[in-house]
Amino acid sequence: MYKSEKLLPYFLFFPGIALILFFTIVPVTYGFYLSLHSGGKFVGLHNYFVLLFADSRFRVNAMNTLLYLSVVILTIPPSYLIAHFLWRQFRGSNFILRAILFAPFSMASIATATMFRLMVNPLFGLIPNLLEMFNITLNFYQDASLAMLLAVIHSVWRSIPFMTMYLLVGLEQIPRDVIDASRLDGASGLKFIRYITLPLTLPFLMLSVLMIFVWTINDFEAIYGLFRGGPGYGTEVLAIRLSKETFMYANFGLGAAIGFMIAAMSIAAMLFWIKIQRRTE
Amino acid sequence: MTSEIYDDILKKKLSRRKALSTTAKIGITAVVTGIIGGVAGYYAGLSAAPPAKTVEKTVERTVTVTTSPTVTTPPAKPRIVRFAHYWDPAEPHLKATLEWAKPIVKKFEEDYNAKVVWEYYRWDEIDPKMITDLKAGIPHDLTLCSPQYMARHRLEKSLLDLSKYVEAQWSKSEIEDFAWSSVWRWVYPLQIPNGVHTRLVAYRMDMFEEAGLDPKKPPKDLDELIDYAKALTRDTDGDGKIDVWGLAWETGPDRGTIELFFLPLIWHFGGDAWDPDTKKATFAEEPGVEAVRFIWDLYYEHKVVDPATIGLGYSHAIMDTFLAEKVAMAWGFGNYWLKLIQDKGWVENMIPPSGKARAIKVNFFITPTKPQAQFTNCWSYGIHSLSEEPDLAFELMERFLAKENILGNADAGMPARKSHWEELGLAENPVYKVWMEAAAKGRGTPNTAHYGELADTVYAMIVEIITKKLPIKETMKKYQDEWNAKYAGE
């Protein structure tokens, strides 16, 4: 074999490998390098220790992130049911319905977040004024639980359309003869979902759970657009804290350390997903 | 051609060595063609003038060809000046500033064959942006900055020293024209102030009269302020709900909370939020506790501030409520809002500043904290350390600061030039006199390099205490200890 023949595969693979190196490995390595520094000095794992053991704000951030991740649980069931409904009732003729359904997802999240925020403004917002007619006072700007609830509602409202469309694609992959055969066997209603559609769309469901998990844990603009992490640290999730440390306080080391913690959570979720997928296969 | 080569490889007609060399040749040819094309395109782009001007050039060339052929020089590319600002067009008072700046920038672009790139950032994010962009290698030229970040700018070396420009280009009298104010000493030589920002308490004279208070005798201390606010808090239509609150106050998610509300109080009670000697946060010491207790009492004890405004930002909590006539006194009222109340007919001849300024429905009194316990700052111009056009950036700054232009900037604040105060007769005007006194008494923020973190911490602490009704002292200590654990000693 000529030497050039040996080199050919490397030559052909080089552009791809170079791109991966440049866009993935280099930034990740540099991010990790940054996380070991503070004010330009090497501090080892100090930033991680500060966050984990000396920063109650970080614990609040982590707890808020977990609460915000309830979006995952709250998005999938309604998305699946809506997708099922569209698939059964409007098969092939639901173009307009799909377009309407997709509208919340097509708008910029910062814009929809601002819209939600204005709607709950205690002075002139629509919702407090409506509630006042029933002598109910809710102040989303002061109550951290309400603020988080609104953030979750907003995120679910935005996520359902995409997830519905995605799961609908999954449902449409089910072969016609399988459906006909199940009908002949008497499968209908919940049984049809339980024994036919759910097992056959499980890969889609699992991937959608993973997607929404990663989106939600990294979400910054939607939740920041609502209350900028407030009231207090009430809706300050890890992504907001990361952004503040890095871009507002210029503490790159601490910001990078938070970034790595978020990445670790995402990777853990991915590994869990791979394990489950292997089991189902 | 490429597919033929690969077909040949597949059919084993071509050796691998030949394939490699041919691929390399193709690659080199593509690169060379690209370079030649790029260079040709670049010069074609330079010589291609805009359509309107093409006609003129064509005529010129026709004439020159018949007489003596000459080479026409292509028009030079405009020099780019990146101007970072916070003038948000969605905010009425900042939109006015933006409109003021546009013709100045247009004239500047014409005079210097420059192109000014407008870069918008939120007012409380512009300084961190300049610092982080320095680290990321992203250049800006002229930037608006706030002195609160002066310590951090100095530490990071994110702004150029302007003294070499000022000393070379400004006369002594011109320097003195700016150097009279306290803010100049705070920001120069890294920045040059474009005005003096100070805050007062704005009050509605007609509401004072309705409540049986003398509008010519506003409160002089905090106790009087509470008494007045109680008298002014009223249910005007008798439905059992408060329609007009005595005082507008902010406990919101921006720097206003610390600067305009917490700091004047902690100074009043004899403390400070940060100690420059020990480089430690001291906001939870006794004066700070008294300050937060005072805020608590405004909402829960005296009930003179609308609790619905807790959590709202500065503009919503103060300006919107005051303009909507829902409050009688607005603490932290900034000079940048004067144009708005002038447009409503509540004052006259205040913007642009004039010796004929007159209070019609609204007047002002100095924040009734002790002397030197009022907050004053400014917006100023600086030049980013990575600026590629520092000379032009300085020229643009001079245009904004020019005597004939600066007074039109409603956001600039009280005049930065001493000569304006004298020439316009502001020092003798009864309304402006109060503003001038406040500017003279003003004080700046703590000189910590972690000011952004300090502001966020104090906001989160106050809002947590007020909304969750937590014990003041213990909660404050928790926040202070945590801040010091991270940043003490800088």
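The values are calculated or read from the model by the stated rules, or taken from the named source; none is laboratory data. For clarity, every value in this text was computed on a predicted model and none was experimentally measured. No Cβ is skipped: glycine too gets one built from the backbone with ideal geometry, and neighbour counts run over all protein chains shown.
Kindly establish whether B:A229 is within 24 Å of B:A439 (Cβ to Cβ), at pLDDT 95 or above and in contact with a helix residue (DSSP H, G or I) (Cβ under 9 Å, 6 or more places away or on another chain).
Numbers: within 24 Å of B:A439 (Cβ to Cβ): no; at pLDDT 95 or above: yes; in contact with a helix residue (DSSP H, G or I) (Cβ under 9 Å, 6 or more places away or on another chain): yes.
Considered against the rule, which asks whether it is within 24 Å of B:A439 (Cβ to Cβ), at pLDDT 95 or above and in contact with a helix residue (DSSP H, G or I) (Cβ under 9 Å, 6 or more places away or on another chain), B:A229 comes out as no.
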Mind checking which residues of region A:206-245 are polar (S, T, N, Q), surrounded by fewer than 21 Cβ atoms within 10 Å (Cβ to Cβ) and either in contact with a strand residue (DSSP E or B) (Cβ under 7 Å, 6 or more places away or on another chain) or within 14 Å of chain B (Cβ to nearest Cβ) (or both)? A:S243
Only one residue in B:K418, B:K441, B:K477 is closer than 30 Å to A:G234 by Cβ, surrounded by fewer than 22 Cβ atoms within 10 Å (Cβ to Cβ) and among the charged types (D, E, K, R). Which one? B:K477
Of all residues in region A:43-56, which are part of a loop (DSSP other than H, G, I, E, B) and either within 11 Å of chain B (Cβ to nearest Cβ) or buried (at least 18 other Cβ atoms within 10 Å of the Cβ) (or both)? A:A54, A:D55
Hey, B:V196 touching a residue at least 24 places away in the same chain (Cβ under 8 Å) and touching a helix residue (DSSP H, G or I) at 6+ places or on another chain (Cβ under 7 Å) or not: yes
Return a yes/no flag: does region B:107-128 have any residue that is of a type outside the set (F, W, Y), at pLDDT below 90 and assigned to a helix (DSSP H, G or I). yes
Which condition number does B:D297 fail, the rest of (1) over 29 Å from the mean Cα position of the chain (by Cα); (2) under 21 Å from B:E453 (Cβ atoms) being met? (2)
Residues of region B:460-474 being at the interface with another protein chain (Cβ under 10 Å from one of its Cβ atoms) and within 16 Å of B:L298 (Cβ to Cβ), which ones? B:I462, B:V463, B:I465, B:I466, B:T467
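Which of the following residues is within 30 Å of B:K106 (Cα to Cα) and either surrounded by fewer than 23 Cβ atoms within 10 Å (Cβ to Cβ) or not charged (D, E, K, R) (or both): B:I406, B:I462, B:I360? Walk me through how you get there before you give the answer.
Working: B:I462 fails: within 30 Å of B:K106 (Cα to Cα); B:I360 fails: within 30 Å of B:K106 (Cα to Cα).
Exactly one of B:I406, B:I462, B:I360 is within 30 Å of B:K106 (Cα to Cα) and either surrounded by fewer than 23 Cβ atoms within 10 Å (Cβ to Cβ) or not charged (D, E, K, R) (or both), namely B:I406.
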Only one of (1) more than 18 Å from the chain's Cα centre (by Cα); (2) over 23 Å from B:R185 (Cα atoms); (3) within 14 Å of chain A (Cβ to nearest Cβ) does not apply to B:D456, and that is (1)
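Name the residue that is farthest from B:D133 (Cα to Cα), counting only residues in region A:246-279 that are of a type in the set (G, A, S) and within 10 Å of another protein chain (Cβ to nearest Cβ). Steps first, please.
Filtering region A:246-279 down to residues of a type in the set (G, A, S) leaves A:250, A:253, A:255-257, A:259, A:263-264, A:266, A:268-269.
Right, trim to within 10 Å of another protein chain (Cβ to nearest Cβ) and you get A:250, A:255.
On the way: A:A250: 10, A:G255: 15 Å.
Restricting to residues being of a type in the set (G, A, S) and within 10 Å of another protein chain (Cβ to nearest Cβ), the top hit is A:G255.
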Pick out the one residue from A:G31, A:G40 that is closer than 30 Å to B:K157 by Cα and either among the aliphatic types (A, V, I, L, M) or surrounded by 11 or more Cβ atoms within 10 Å (Cβ to Cβ) (or both). A:G31
Residues (in contact (Cβ under 8 Å) with a residue 60 or more places away in the chain and surrounded by fewer than 24 Cβ atoms within 10 Å (Cβ to Cβ)) located in region B:117-138: B:D124, B:P128, B:D133, B:L134, B:G137, B:I138
State whether one or more residues within region B:139-147 are surrounded by fewer than 20 Cβ atoms within 10 Å (Cβ to Cβ) and over 23 Å from B:T376 (Cβ atoms). yes
Being in contact with a helix residue (DSSP H, G or I) (Cβ under 9 Å, 6 or more places away or on another chain), in a helix (DSSP H, G or I) and among the polar types (S, T, N, Q), is that true of even one residue in region B:406-417? no
Which one of B:D272, B:D254 is at pLDDT below 95 and either among the aromatic types (F, W, Y) or in a loop (DSSP other than H, G, I, E, B) (or both)? B:D254
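Taking helices (runs of 4 or more DSSP H) that do not extend beyond region A:57-169, which have at least 1 residues that are modelled with pLDDT under 90 and within 14 Å of chain B (Cβ to nearest Cβ)?
Numbers: elements: A:70-89, A:95-106, A:109-119, A:126-132.
Here the list reads A:126-132.
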Within region B:299-320, which residues are in a helix (DSSP H, G or I), in contact (Cβ under 8 Å) with a residue 60 or more places away in the chain and among the hydrophobic types (A, V, I, L, M, F, W, C)? B:A317, B:I318
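With the structure loaded, tell me whether B:T376 is within 14 Å of chain A (Cβ to nearest Cβ) and polar (S, T, N, Q) or whether it fails that test. Show your work before the answer.
Details: within 14 Å of chain A (Cβ to nearest Cβ): no; polar (S, T, N, Q): yes.
Taking the combined requirement at face value, the residue does not satisfy it.
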Is one or more of the residues making up region B:183-196 more than 30 Å from A:M133 (Cβ to Cβ) and among the polar types (S, T, N, Q)? yes
Number of positions in region B:370-387 that are assigned to a loop (DSSP other than H, G, I, E, B) and at pLDDT below 95: 6
Which condition from (1) within 25 Å of A:F220 (Cα to Cα); (2) without any contact (Cβ under 8 Å) to a residue 60 or more places away in the chain is the one that A:T114 breaks? (2)
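Name the one entry in B:L134, B:L142 that is within 22 Å of the chain's Cα centre (by Cα) and within 14 Å of chain A (Cβ to nearest Cβ).
Being within 22 Å of the chain's Cα centre (by Cα) and within 14 Å of chain A (Cβ to nearest Cβ) holds for just one of B:L134, B:L142, which is B:L134.
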Which of (1) surrounded by fewer than 16 Cβ atoms within 10 Å (Cβ to Cβ); (2) at pLDDT below 90; (3) farther than 17 Å from A:I76 by Cα does A:P203 not meet, given it meets every other one? (3)
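Taking the conditions exactly as written (in a helix (DSSP H, G or I) and over 22 Å from the mean Cα position of the chain (by Cα)), does A:S182 satisfy them or not?
Numbers: in a helix (DSSP H, G or I): yes; over 22 Å from the mean Cα position of the chain (by Cα): yes.
It is true that A:S182 is in a helix (DSSP H, G or I) and over 22 Å from the mean Cα position of the chain (by Cα).
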If you check B:G311 against the conditions, is it farther than 22 Å from B:V463 by Cα and under 27 Å from the mean Cα position of the chain (by Cα)? no
Which of the residues that make up region B:294-304 are buried (at least 16 other Cβ atoms within 10 Å of the Cβ) and more than 15 Å from B:E464 (Cβ to Cβ)? B:F294, B:L298, B:H302, B:K303, B:V304
Verdict on A:I193 being farther than 15 Å from A:S79 by Cβ, β-branched (V, I, T) and either in a loop (DSSP other than H, G, I, E, B) or more than 14 Å from chain B (Cβ to nearest Cβ) (or both): no
Checking B:V327 against (1) within 14 Å of another protein chain (Cβ to nearest Cβ); (2) farther than 30 Å from A:I136 by Cβ, the condition it does not meet: (2)
Of the residues in region B:182-205 that are aliphatic (A, V, I, L, M) and within 30 Å of B:T233 (Cβ to Cβ), the one that is surrounded by the most Cβ atoms within 10 Å (Cβ to Cβ) is B:A202
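Within region B:302-324, identify whether any single residue is of a type in the set (G, A, S), in contact with a strand residue (DSSP E or B) (Cβ under 9 Å, 6 or more places away or on another chain) and in the same structural domain as B:K370 (by TED's automatic domain parsing), and answer yes or no.
Yes, region B:302-324 contains a residue that is of a type in the set (G, A, S), in contact with a strand residue (DSSP E or B) (Cβ under 9 Å, 6 or more places away or on another chain) and in the same structural domain as B:K370 (by TED's automatic domain parsing).
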